[in-house]
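The values are calculated or read from the model by the stated rules, or taken from the named source; none is laboratory data. What you are looking at is a predicted structure, and each value in this text was computed from that prediction instead of being measured. All Cβ positions, glycine included, derive from the backbone under ideal geometry; neighbour counts span all protein chains shown. For the accessible areas, the whole protein counts, side chains as well, though only heavy atoms, and no ligand, DNA or RNA atoms are used. Shrake-Rupley method; radii C 1.70, N 1.55, O 1.52, S 1.80 Å.
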Amino acid sequence: MTPSSSAATDKITLRKNIRRQRMALSPAYRAQAMRAVARHAGRLLRRGKRIGGYLAAGSELDIEILLSTALQRGASVWLPQIPARGRRMWFSRLNAAGRWYRHPRYGIVEFDGPCLRAERLDVLLLPLLAVDEQGYRMGQGGGFYDSSLAFRHRHPRYGKPLLVGVAYDCQRVAAVPREAWDVQLDYLLTESGLHRFAPNRSAT
């Protein structure tokens, strides 16, 4: 088995194990976690800030209360839009004038409103499957966030947006298989708190 095929196998196994653990969480625990992350994220949700969020799919941690809190505090909320071509996402502002629709290819619910790119957000809340102790995430494998955040490699000192992974504590692992294009998170938000990662200077 080649190193690349070995890494792919490791990812498949890790994704399967983490999904199993996440799906085993009770509805009561999920509801408690949803309230907890909204509390822990409080200092990120300031008036005038552009907050990139997501709509939870499957067993992902739901951040509906968090996003509602952001709006109540005067921040704006921006949700991802998968493009018709390529993988670099737009983020669409949630407002009363837009509309909800289903993506024609993936069938997921998206919002049609004014759009901007990730680099214009102040905070980006990212869903994930697993996250390691150094702040590297493993997603679903579609590569949409990797493509949307590729500018971080070209401009490593660009300070926006603040990257905040969102997950249950059971999704934390010692290490995830890492690729050259992976971007380090600034924080991890879980039911136990907001955890900051030390910057990986060797990656800049």
* Of residues in segment 87-107 being without any contact (Cβ under 8 Å) to a residue 60 or more places away in the chain and under 27 Å from R178 (Cα atoms), the one surrounded by the fewest Cβ atoms within 10 Å (Cβ to Cβ) -> Y106
* Please determine, by comparing only the residues of segment 70-80 that are open to solvent by less than 30 Å² (accessible area, probe 1.4 Å) and closer than 30 Å to S26 by Cα, which one is farthest from the chain's Cα centre (by Cα). => A70
* Residue in segment 125-139 that is at pLDDT below 90, surrounded by 15 or more Cβ atoms within 10 Å (Cβ to Cβ) and either in a loop (DSSP other than H, G, I, E, B) or of a type in the set (D, E, K, R) (or both) present -> yes
* Are there any pairs, at least 6 apart or on different chains, whose C-beta atoms fall under 9 Å, with the first in segment 142-158 and farther than 16 Å from R87 by Cβ and the second surrounded by 18 or more Cβ atoms within 10 Å (Cβ to Cβ) and at pLDDT below 85, and if so, which? -> Y158/R152
* Looking at (1) in contact (Cβ under 8 Å) with a residue 12 or more places away in the chain; (2) touching a helix residue (DSSP H, G or I) at 6+ places or on another chain (Cβ under 9 Å); (3) open to solvent by 40 Å² or more (accessible area, probe 1.4 Å), can you tell me which one A180 breaks? -> (1)
* Qualifying residues in segment 24-49 (those that are assigned to a helix (DSSP H, G or I) and charged (D, E, K, R)) - the one most open to solvent (accessible area, probe 1.4 Å) -> R39
* Asked: Out of all the residues in segment 110-119, is one or more within 28 Å of H40 (Cα to Cα), open to solvent by 10 Å² or more (accessible area, probe 1.4 Å), in a helix (DSSP H, G or I) and in contact with a helix residue (DSSP H, G or I) (Cβ under 8 Å, 6 or more places away or on another chain)?
  -> yes
* Asked: Is there a residue being in contact with a strand residue (DSSP E or B) (Cβ under 8 Å, 6 or more places away or on another chain) and closer than 20 Å to R196 by Cα anywhere in segment 90-112?
  -> no
* **Conditions (1) surrounded by fewer than 16 Cβ atoms within 10 Å (Cβ to Cβ); (2) touching a strand residue (DSSP E or B) at 6+ places or on another chain (Cβ under 6 Å); (3) within 15 Å of A56 (Cα to Cα): number failed by D169** => (3)
